[in-house]
Structure formats: structure tokens, C-alpha cells
Amino acid sequence: MAKLPDHVGVDFGTYSVKAVELKNIASSPQLVNLGSQLTPKGVVNSEEKQDQKKLGEALKLLYSNSRMKNSNVVMALPEFSVFTRFLEFPGVKPEEIKGAVHHEAKQYIPIPIQDVQMSYITIGFNEQKNAPRVLLVAAPKKIVQIYMNIAKYANLDLIAIETESVAIGRAMYRATRRKNCVVLDLGAKSTDMSIMLDGALVFSQSISIGSDSLTQAIMNKFNFDYNRAEQFKRNYGLAPNILEGRIYSILSPIVESIMIEVRRGVEFYKNKTMSIAPVEYLLNGDGALLPGLAEYVSKTLGVNAQIANPWLNIRVDSKFKDIILKTGASFSVAVGLALKDE
Ligand SMILES: Nc1ncnc2c1ncn2[C@@H]1O[C@H](COP(=O)(O)OP(=O)(O)OP(=O)(O)O)[C@@H](O)[C@H]1O
Ligand SMILES: [Mg+2]
């Protein structure tokens, strides 16, 4: 496959659009530039041209505010819009994998095959079953079209596209060299979960509960406006003893409902791959900054959870150090996209 030129990774979150530009990605990656911009409400993933134009405008603004110049961009498709399936093909030879994937894909993808853009990644080999392992990724063509339109409206060249989970998996692997881990991305509207085995992504799912649900719960309970509730969330989070434990008792059931889905995902993965579940958990997204979250996840799941740092192993100029210290883990998807080399 052709190598990609230096480019900007662009991640359209429902809360903010994030962009990261790196150079020397193959040898010694260095941060060239980064930026973020609040996302206009209700426009992400919309098929309306109006909404796509608004996202194009937001991206233009991000470019001008952060003086970003490189017009080559790689974008991520939101996790909830793509289908990923982990497959094994007993007895299939390497040169037969492509045909086997196309033949089998129909039964795994819930929409007509002619309406999706399909790709797959080979991720190793199951020795016991003599079976190549493959991650099948299928994106509805109309979703891919949305991102092509946004790039056009922003006057940028979309040179590649991939899913958020593949991107974040790359970022985490390059940052930590950890081969087996669970990656959580706590965004505004959803929590995406990926499981890495031997350094490759083998499972992903999008849980439709995000950090905004926590803000909303505080608003409802205390009759606060959004800003005040957001402030309480960010200041107190899951700290157990604040305000007689009242914030904790509002937030913990919501976080618990995310944990239930995470446990389900892990069980599914264990059954499917016959592998031991990883105990290392890396928390990404600005939702990961919730005070007490890493401790909570560690305790309830009996694992070792920590806030991820996608910038390890990337050279960063001191002028970016502040922003990276504050919100570094929200750029993980964009870093992973910027690190994509083929
Ligand atoms: N310090 C903080 N503590 C807790 N939550 C925070 C903090 N800072 C931001 N958040 C929350 O993080 C969320 C935004 O995270 P992020 O920017 O990763 O989301 P996004 O990628 O835009 O959304 P999504 O991935 O759901 O589309 C918001 O709900 C915001 O309230
Ligand atoms: Mg996100």
C-alpha cells in the first residue's frame, strides 16, 4: 500500500472537533500543530448538506485559529456508524482471505452489501484452529460521503478515512507499546470501547451513554443550569465525600450503567476469542477527566485503570505543553489518525 504523506488527523466529536498534525511519523513523530473547536449542535453525522457545511466551517475556523496549513486530512468515522466484526477463517490460506471475507461479510453486516464500503485488517493467527484472524470493518457509503462532503466544504483533501477505534488503538499502542488492553473513550454523547490483543484491535463497541448524561443528571437533580452543573461535575465527579455524597450518588449509577456494558463487551470478547480479558484499562476523551473515575473503574471492574497519555513517544514543543497537560487524552483519536502511515 502507498505510504501516506504528512497529514492532519481530524476527529469530529459531538462536543468538539479535534485536529492534530504530526511529522516524521515513521521514525520519530513530532507534533507540528494541534487545535480544537466546539462542534455546532446536532450536526455530526447528519446527511443534510446544511449541517455538513456547518462542520466544514467549524473545521475552517479550527484551521485559521491554530494556523494549521497542511491540507491533507485523515478523518475518523464515528464508532456507532460502522460495523466491525472479529472473524476467524479455519484452514484459509493468506491469498484466500480476501475472497473469504467478501463471501462471509453478508451474514455479519446488517445492511445490504452494495451500500457499504468494506475493508479488513488481518490481525494474526489462531494456531489451535489453524485460522487467520481478521477484523472486518464496514461503513455505510452514505456515511463515508458525509465526510467527503465536509472535507470539500472546508477546502481540504481527504486522503484516508478510518474508524475511531482503529485510530485510538494505534495511538495507544504507539504510546505505550502495551499489546493487551481495554481502551475506553469517554466522549460527550457516547463511550467507545476497544479491546486490543497482541497490539491489534479485535473488539469495539459504542455505548450510547456519555459524559453529558452526568451533567444532565446534576441539572435535573439540583435544578442547575448547564454551566453550573458542568462545573460541579468537573470539580467533584465521583469524589465520595463531597456534599454528603450527593454528587456521588447522582453520578455513580450512570457510570455504573456504562460499566455494565463494558463488562458485557469483555464477556463477548472472551467467548469469541477464548483469550483472557486484559486488566490494563486506558481512559481517553475529556470525559476521562472526571475526578475519581480511574479509581472507580479500577475498583468496580477489578482492573488497573488510568488516564491515557497519547503523547508519550511524540516530540512536543514546549509551547504545546500546557494544552497537552490539560486535555491531552481528548486528542487520542486525532493522534491515531495523524499516525496512520498507510
Ligand atoms: N474536567 C472534566 N471533567 C469531567 N468531564 C469533562 C471535563 N472536561 C470535559 N468533560 C466532559 O467531556 C465531554 C467531552 O469530551 P470529548 O471532547 O472527548 O467528547 P467528544 O469527542 O466531542 O464527544 P463524542 O466522542 O461523544 O462524540 C463533555 O461531556 C464534557 O462535559
Ligand atoms: Mg470523541
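Nothing in this text is a laboratory measurement; each read-out follows from the coordinates by a stated rule. Model, not experiment: these values are computed from the prediction. We place every Cβ from the backbone using ideal geometry, glycine too, and count neighbours over all the protein chains shown.
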Seminar exercise, completed: With only helices counted (DSSP H, runs n ≥ 4, each -39500 (n - 2.57)), the per-residue ellipticity at 222 nm for the chain, to the nearest 500, works out to -12000 deg cm²/dmol
Exercise. What span do the alpha-carbon atoms of the chain cover on each of the three principal axes, reported in whole Å from largest to smallest?
Worked result: 62, 45, 40
Exercise. Got the relative contact order for the stretch 1-61 handy, in percent, Cα pairs under 8 Å and 6 or more residues apart?
Worked result: 26 percent
Exercise. Restricting to the chain, what percent of DSSP beta bridges are antiparallel, rounded to 5?
Worked result: 70 percent
Seminar exercise, completed: Counting sequence-distant residues (5 or more places) and residues on other chains, those with an amide H built under 5 Å from that of V32 are E21, L22, K23
Problem set entry | Above-threshold pairs, the threshold being 31 Å between Cα atoms, out of K49/K319; K152/K340; K23/K93 | K49/K319; K23/K93
Exercise. In terms of modelled amide H atoms, which long-range or inter-chain residues lie less than 5 Å from the amide H of I123?
Worked result: R133, V134, L135
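Would you please give the FRET efficiency between K60 and K321, computed as 1/(1 + (r/R0)^6) with r the Cβ-Cβ distance and R0 = 22 Å, to the nearest 0.05?
0.25
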Exercise. Most mobile of A305, A188, A100 per a Gaussian network model of the chain (Cα springs, under 10 Å)?
Worked result: A100
Exercise. Scaled to the compact-protein estimate 2.2 N^0.38 Å, what is the alpha-carbon radius of gyration of the stretch 125-184, rounded to two decimal places?
Worked result: 1.56
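Where both partners of a DSSP beta bridge lie in the stretch 83-138, what percent of those bridges are antiparallel, to the nearest 5?
Details: 13 of 13 bridges.
That works out to approximately 100 percent antiparallel.
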Exercise. Any idea what the relative contact order of the stretch 83-138 is, in percent, if you count C-alpha pairs under 8 Å spaced at least 6 apart?
Worked result: 52 percent
Problem set entry | Phi-based couplings in Hz for the stretch 23-34 (Karplus 6.51, -1.76, 1.60; Gly and Pro marked x) | 10, 6, 5, 6, 9, 9, x, 10, 6, 8, 6, 8
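Given a Förster radius of 25 Å and the C-beta distance between K69 and E342 as r, what FRET efficiency does 1/(1 + (r/R0)^6) yield to the nearest 0.05?
Efficiency for this residue pair is about 0.60.
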Exercise. Got a sec to turn the phi values of the stretch 71-79 into Karplus ³J(HN,Hα) couplings, 6.51 cos²θ - 1.76 cosθ + 1.60 with θ = phi - 60°, whole Hz, x for Gly and Pro?
Worked result: 8, 7, 10, 10, 10, 9, 8, x, 4
Problem set entry | Pairs beyond 30 Å (Cα-Cα), from K18/K106; K69/K233; K106/K142 | K18/K106; K69/K233
